[in-house]
1. Assuming R0 = 35 Å, what is the FRET efficiency of Q177 and D23, from their Cβ-Cβ distance, to the nearest 0.05?
2. Counting every Cα pair in segment 94-196, what percent are over 23 Å apart?
3. Can you sort T123, T191 by how many other beta carbons sit within 10 Å, fewest first?
4. Amide H to amide H, which residues 5 or more places from I208 or on other chains are under 5 Å from it, using H placed in the peptide plane?
5. Cut-off is 10 Å between beta-carbons; in what order do V121, V207 appear when sorted fewest neighbours first?
Amino acid sequence: MRKILIISILFMAYNVVGQSINDYYTIAAENNPELKAKYKEFEAAMQKIPQVSSLPDPNLSMGYFISPVETRLGPQNMRFSLTQMFPWFGTLKAQKNAATLMAESKYQAFLNAKNQLYSQVATAYYPLYELLKLKDIEQENIKILESYKNIANAKFENGKGSLVDVLRVDIMIKDAQTNLDILTKKEPALTSWLNSILNRKYNEKIVISKDLQIMELPMEYR
C-alpha cells in the first residue's frame, strides 16, 4: 500500500497557477526605493557625459554708447560681441573620460544593489516554495489515504479484510494531517518574510508558480 501511495504522490499534478521567482524579482525592484535611487544616479551620470565633452555656450554681450562713436563706417550707438571659450587641448576628452568612469561606477553600484536584492528574494522565496510543495503533497497524500480507508472499511465489513488495515490507514492519515498542520503554521512567517523584502503588506498572499526556476547568482554572492 505504501509503495502505491508513494508512486501516486510522485505523479501528482501541481495545479496552482502562480508567479515565478522572476516575477517577484520584478516586484521587489519596482518597490525598492534604494534601487530606484541608484538607477536615477546612473541616469544622471550618463546625462553629464555629453555636457562635459562639448564646448561651452557662446557668450553674447552688448554695449550702449551714451555718445555716438565715430568709426570709418560712421557713428555707432551700440556694440555687440560674441565670444567663445576654448578649453586647453585634451581637456574635453579628459572630462568625458572622467564622466564616463563615473557613470560606469554608478551603474556598477546599481547592479550590486540589484543583485543583493535578488539574493534576498531568492533566500526567502525558495523555503516558501518548498513548504507550499510539501503542503500540496500532504494534502494529496490525505486524499489518497482517505480512499484507501474507504476500501479497507468496505473489505472489513464484507469479511474480506481485517480491522488492522483500517487502523493502519487511520494512523497514516493522522500523521499526514499532523504534518500538514505543522507546515500550515510555518507558512505565515515565510510569507511575511518574503513580503517584507518585496516592500508589501506582511500578509499579502503569495502564489508560487508550479515550475521551479533556479537562476545563478553572481560569483560574489555564492
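Bear in mind that the values in this text are calculations on the coordinates, not laboratory data. Since this is a predicted model, take the numbers as computed values, not measurements. Counting neighbours? That spans all protein chains shown, and the Cβs are built from the backbone with ideal geometry, glycine included.
1. Numbers: r = 32 Å, r/R0 = 0.92.
The pair Q177/D23 has a calculated efficiency of 0.65.
2. It works out to 57 percent of all Cα pairs.
3. T123, T191
4. Q19
5. Numbers: V121 21, V207 10.
With the sparsest Cβ surroundings first, the list reads V207, V121.
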